[in-house]
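The values are calculated or read from the model by the stated rules, or taken from the named source; none is laboratory data. Since the structure is predicted, the reported quantities are computational estimates derived from the model, not experimental observations. Note that we place each Cβ from the backbone using ideal geometry, even for glycine, and neighbour counts take in every protein chain shown.
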């Protein structure tokens, strides 16, 4: 009788371990999804972006702008790009506009 009871307990424990680890994994995924949703709700709106400056060959490129994130996971970026060629004493200035999609995945903006 003890052998039968032991076998039954072992069988039940083997069945329970994968189930309980899948529940833990599911809970972890649900927690991460909740965190991602929280970040998503806080991101919606229009943001002023820090200017970006980079050297490209004989020019300096500076981008200044804003980004808007919408609840439908769409985004717009807009601003000004300035390309300065100091040797030639030429400065070009462009307005830019871009569209895209976004999501929060594992606490990161993608």
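The set of residues in segment 75-109 being within 19 Å of residue 49 (Cα to Cα), out of contact with any strand residue (DSSP E or B) (no Cβ under 7 Å at 6 or more places or on another chain) and not in a strand (DSSP E or B) consists of 103 alone. May I ask you to list the residues in segment 75-96 that are surrounded by 11 or more Cβ atoms within 10 Å (Cβ to Cβ), touching a residue at least 24 places away in the same chain (Cβ under 8 Å) and over 30 Å from residue 39 (Cα atoms)? Those that are surrounded by 11 or more Cβ atoms within 10 Å (Cβ to Cβ), touching a residue at least 24 places away in the same chain (Cβ under 8 Å) and over 30 Å from residue 39 (Cα atoms): 83, 84, 85. Within the option set 72, 50, being assigned to a loop (DSSP other than H, G, I, E, B), at pLDDT 85 or above and loosely packed, with under 11 Cβ neighbours inside 10 Å holds for one residue only, 72.
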